[in-house]
1. Which of the residues that make up region 131-144 are under 14 Å from the mean Cα position of the chain (by Cα) and touching a residue at least 60 places away in the same chain (Cβ under 8 Å)?
2. Inside region 87-108, can you point out the residues that are loosely packed, with under 15 Cβ neighbours inside 10 Å and aromatic (Phe, Trp, Tyr)?
3. I want to confirm something. Restricting to region 62-113 and keeping residues that are touching a Lys or Arg at 6+ places or on another chain (Cβ under 8 Å) and of a type in the set (Ser, Thr, Tyr), which single residue is nearest to residue 141 (Cα to Cα)?
4. Restrict the check to region 111-130 and report whether at least one residue is more than 20 Å from residue 59 (Cα to Cα), in contact (Cβ under 8 Å) with a residue 12 or more places away in the chain, hydroxyl-bearing (Ser, Thr, Tyr) and not in a loop (DSSP other than H, G, I, E, B).
Amino acid sequence: GLQAKRVFAVRLVGQRMEAERVNFAGRQVLDIPFYNRSYFGDQNPSRGHYWAQFIDNDVTFAQVEMRWHFWKILDATVFTDFGRVWEDVYDFDAWKQTTNSDWHNSWGFGMRFKMIPNMMMRLDYGFSPENPGGLFYVAAWHTF
């Protein structure tokens, strides 16, 4: 039943980009290609947001899941993800000026189908204030 075989999983991530500074439009910026910048959104860092819905140099986020063994090869989960992107995560003035609206969150539920050892299918449905209708994700690996 729901009272047995439970797992409470938490993942905390902080990612910092380092690169040379270059002059761009009269401003010193990190020389990081757009496609290599940190992002928040998609099925890994934030189910409930589109891929790279929020993008900048650095990112911090957390994921929390409660997982239950439901039946034979089937597990169920509920989750919440929250985080934000930063121009410079080491800018402590930016941390001081951060408000609740700077952090983005999502929540939802999912099912896990255990196929063979070390292989499973994951179905998640995530909601967020930016996407209240929800987004559906299908993957062949664990979230974390």
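1. Start the filter on region 131-144 by keeping residues that are under 14 Å from the mean Cα position of the chain (by Cα), which leaves 135, 137, 142-144.
Residues satisfying the conditions are 135, 137, 143, 144.
2. Answer for region 87-108, where residues must be loosely packed, with under 15 Cβ neighbours inside 10 Å and aromatic (Phe, Trp, Tyr): 90, 92, 95, 103.
3. Result: 77.
4. Yes - at least one qualifying residue is present in region 111-130.
Just so you know, all these numbers are worked out from the coordinates, no wet-lab data involved. No experiment lies behind these values; they were computed from the predicted model shown. All Cβ positions, glycine included, derive from the backbone under ideal geometry; neighbour counts span all protein chains shown.
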